[in-house]
Amino acid sequence: MGWSQAEILAATGGRIMREGHETKFGEVVTDSNKVKNGSVFVALKGERHDGHRFVGAAVRRGANCVIVHRPMPVSAFGQATAIRVRDTLRALGDLAHYRREKFAPKVLAITGSNGKTTTKEMVAAILEEAWLDGQPLRGRVLKTEGNFNNLVGLPLTLLRLRRGDKVAVVELGTNHPGEIQRLAEIADPDIGMITSVGAAHLEGLNSLAGVAREKGALYRNIRAGGAIAVNLDDPWVKRLGARFKGRKITYGKHGHVRARSWRPCGARGQEVTLQAGRKRCRVRLNYLGRHNIANALGAAALALGGGTDLAAVRCGLAKVRPFSMRMQIEDWRGIGIINDTYNANPDSMKAALETLAEMRCRGDRIAVLGDMFELGKHSAKEHRSLGKRAADAAAKAALDGLYLLGPQSAAVRKGALRAGMRTEQVVIGRNHADLARRLRGRVKRGDWLLFKGSRGMRMEKVLQELKGRNA
């Protein structure tokens, strides 16, 4: 869907620096390489790149409108319309909000320290099986692609809205105070959910209380008459939910939506008997780990709060599958692999180790772990705690080896050895290739390996080296 000049001015409050030949434009883009004839190019300024440097390239590729916040010579705009705003990042969000209000889909927003992307995928899959206002939703559900969940990604998601879209499922991420507030202003959600409050992004948010304050902005910005899904098993989320005066759908051990029973199915996932009020259904999940049962319960609660039924929940959850590098399972030469290398924080590390422990295993269970980022002053302590957690698993015969990579490896090793893990069980690699070489001399058929670390550690490279493929 395109834009008129009047719509852009109304959305952004900008002023025209140069009147072009056209007053009707195409889609909004922020990458000059993605400009097509008629595009609106928004010149964003980031930490490393400044889009204002690419205005000329965007115009040459066919942009009919450019939005800037820096003074620039009129000649830079060619024949395009140029609109100046106070801040192009804010203008991008304002354009997205304008599109959201114009097409008025029901917006379901998800934030939290863990499980956002998985829960978002589950919710979207459920809605694709559902009906709303007597109409099927299949093909009318917009969702965040990947983890486009920040102040650029969320607007780009909402800018993909089309007139026929009835529901938008969006993910909100943060690493600094105030981001969820702004994202919620842009999305203007009808229903919201905080999956959890944990020790993630402590470098920017300082403490668990800081994380809770930041995530709580979602509940504070739900539309009048809207609803929230509340995880009763998370004390911080429960506390935040108690302050909300509107409709609530609870989930967890004592929630309206809860798991009556659970049965692991090895590498194929797990089966859950899900109950919502007095109704129940058996659900097959293609995901490992009890933490993904919590994600499924949350997805069910959010979708039910949006007007779906249990039949859609059952069908949707059975169809959705893990993303690459998110609890991705594979078999390599008779060795089980859990590739959970997309990202990591203390809570997700705990969940991953618990998942490894639950795998039926004829050989050894080995965790291959990289550093956790963005923990600030808490980093050393959290990495020592990770080592202790690994040692506790080893004491229960649920972990046989701990292979580490990164500057915080020594802290993890210290925590593991202090808690009783044997020296020969803990190995620190110099780099990806070295750690893979050490693993190659150890692993055998029947073993299970877990690979996990923060995105910047790129722990998938260890797996690739192990298999003999360079990254």
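Quick rundown of the values:
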| read-out | value |
| --- | --- |
| Whichever residue in segment 230-279 is of a type in the set (A, V, I, L, M, F, W, C) and part of a loop (DSSP other than H, G, I, E, B) and, among such residues, is farthest from Gly210 (Cα to Cα) | Cys265 |
| Hey, Gly446 assigned by TED's automatic domain parsing to the domain that holds Val368, at pLDDT below 95 and farther than 24 Å from Ser379 by Cβ or not | no |
| Inter-residue pairs, beta-carbon under 7 Å, first in contact (Cβ under 8 Å) with a residue 60 or more places away in the chain and on the phi < 0 side of the Ramachandran plot and in segment 185-199, second assigned to a strand (DSSP E or B) and small (Gly, Ala, Ser), 6+ apart | Ala187/Ala109; Pro189/Ala109; Ile191/Ala227; Gly192/Ala109; Met193/Ala229 |
| The listed residue being over 30 Å from Asp347 (Cβ atoms), among the basic types (Lys, Arg), modelled with pLDDT of 95 or more and surrounded by fewer than 24 Cβ atoms within 10 Å (Cβ to Cβ), out of Arg163, Arg140 | Arg140 |
| Criterion violated by Glu330 - all others in (1) under 25 Å from the mean Cα position of the chain (by Cα); (2) part of a strand (DSSP E or B); (3) in contact (Cβ under 8 Å) with a residue 12 or more places away in the chain satisfied | (3) |
| Filter pass, Ile329 being at pLDDT below 95 and farther than 17 Å from Ala390 by Cα | yes |
| Residue among Arg445, Arg422 that is surrounded by fewer than 17 Cβ atoms within 10 Å (Cβ to Cβ), touching a strand residue (DSSP E or B) at 6+ places or on another chain (Cβ under 8 Å) and within 18 Å of Asp364 (Cβ to Cβ) | Arg445 |
| Flag if Ala411 is closer than 23 Å to Val462 by Cα, crowded, with 22+ Cβ neighbours inside 10 Å and among the hydrophobic types (A, V, I, L, M, F, W, C) | no |
| Evaluation of Ile222 against (1) within 21 Å of the chain's Cα centre (by Cα); (2) not in a loop (DSSP other than H, G, I, E, B) (one fails), failing number | (2) |
| Matching residues in segment 175-198 - criterion: being in a loop (DSSP other than H, G, I, E, B), over 24 Å from Phe103 (Cβ atoms) and out of contact with any His (no Cβ under 7 Å at 6 or more places or on another chain) | His176, Pro177, Gly178, Thr195, Ser196, Val197, Gly198 |
| Those residues of segment 15-33 which are in a loop (DSSP other than H, G, I, E, B) and under 32 Å from the mean Cα position of the chain (by Cα), in sequence order | Gly26, Glu27, Thr30, Asp31 |
| Extreme residue, farthest from the chain's Cα centre (by Cα), among residues of segment 143-155 that are surrounded by 20 or more Cβ atoms within 10 Å (Cβ to Cβ) and either of a type in the set (Val, Ile, Thr) or not in a loop (DSSP other than H, G, I, E, B) (or both) | Pro155 |
| Criterion: out of contact with any helix residue (DSSP H, G or I) (no Cβ under 6 Å at 6 or more places or on another chain), outside the structural domain of Ala184 (by TED's automatic domain parsing) and either farther than 28 Å from Phe323 by Cα or modelled with pLDDT under 95 (or both) - qualifying residue of Asn64, Asn33 | Asn64 |
| Where a residue in segment 279-303 is touching a residue at least 40 places away in the same chain (Cβ under 8 Å) and its partner, wherever it lies, is in a loop (DSSP other than H, G, I, E, B) and aromatic (Phe, Trp, Tyr), with Cβ under 8 Å and at least six apart | Asn295/Tyr287; Ala296/Tyr287 |
| Search result, residues across segment 47-64 that are within 19 Å of Ala6 (Cβ to Cβ) and within 32 Å of the chain's Cα centre (by Cα) | Ala63 |
| Flag for Val123 being in contact (Cβ under 8 Å) with a residue 12 or more places away in the chain, in a strand (DSSP E or B), not assigned by TED's automatic domain parsing to the domain that holds Leu375 and not charged (D, E, K, R) | no |
| Residue that is nearest to the chain's Cα centre (by Cα) [pool: residues in segment 34-46 that are assigned to a loop (DSSP other than H, G, I, E, B) and surrounded by 14 or more Cβ atoms within 10 Å (Cβ to Cβ)] | Leu44 |
| Sole exception among (1) part of a helix (DSSP H, G or I); (2) farther than 28 Å from Phe373 by Cα for Val211, by number | (2) |
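Per-residue answers, yes or no, for (1) touching a residue at least 60 places away in the same chain (Cβ under 8 Å); (2) of a type outside the set (Gly, Ala, Ser); (3) within 29 Å of Arg284 (Cα to Cα):
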| site | (1), (2), (3) |
| --- | --- |
| Ala58 | no, no, no |
| Ala76 | no, no, no |
| Ala80 | yes, no, no |
| Arg100 | yes, yes, no |
| Ile110 | yes, yes, yes |
| Asn114 | yes, yes, yes |
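The values are calculated or read from the model by the stated rules, or taken from the named source; none is laboratory data. Note that the structure is predicted; figures quoted are calculated from it, not measured. Here Cβ is always computed from backbone atoms with ideal geometry, including for glycine, and neighbour counts include all displayed protein chains.
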